[in-house]
1. Which value, in nm² and rounded to one decimal, describes the direction-averaged projected area of the C-alpha convex hull of the range 148-224?
2. Which whole-number value in Å³ per residue fits the convex hull of the alpha carbons of the chain?
3. Per DSSP helix of 4 or more residues, -39500 (n - 2.57); summed, then divided by the residues of the chain. What does that give at 222 nm, rounded to the nearest 500?
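Nothing in this text is a laboratory measurement; each read-out follows from the coordinates by a stated rule. Bear in mind the structure is a predicted one, so any value in this text is a computation, not a measurement.
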């Protein structure tokens, strides 16, 4: 299991710049925990002593208003970290986190991480360097992404899922369509219209999470169109 965790840490922005020995130290000082779909990971207002890396699955961050209505603020997927600002700066979680699917998380204790950095300051230097580089990349990607229409965003998302399922023309969504809409930054109704639009490019979806793509190459060409 440690090999899988280290492999995930190597693609996580926060730790991507660390060497294998440093990653093993983080792995040894962290805790692997599992959540079933819809389970609460932490609640808004809880004390924040830890943050998380997603080893498998999806996580939603949601906030309640005065009427106890929830709004999804963000969706995180495998290989991404969440709750670092709360643990590092805010000391309490400003929103709640839920398992959007069955998931495995690596829980990283802030005190343990600080001790590792004190013993090996190179960890902090590598983390800062990698995050700076990643920020520039994200800014460029965001500029490109915000000009892309919703059907193409959806098509890119589906193609990314298919890359993890080679040799097959079907895939199951890792989360429900409400969560997927939040991940793509759109309303559920807009997502439904995007699925309808992709019918002419061979994407078939029913009310469940099962998706069939009849012609993957045609869908790729569609995403590359200006």
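1. On the way: hull surface 18.0 nm².
Result: 4.5 nm².
2. Numbers: hull volume 31.8 nm³, N = 226.
Taking only Cα atoms, the chain has a hull volume of 141 Å³ per residue.
3. On the way: 8 runs with 93 residues, N = 226.
Calculated at 222 nm, the ellipticity per residue is -12500 deg cm²/dmol.
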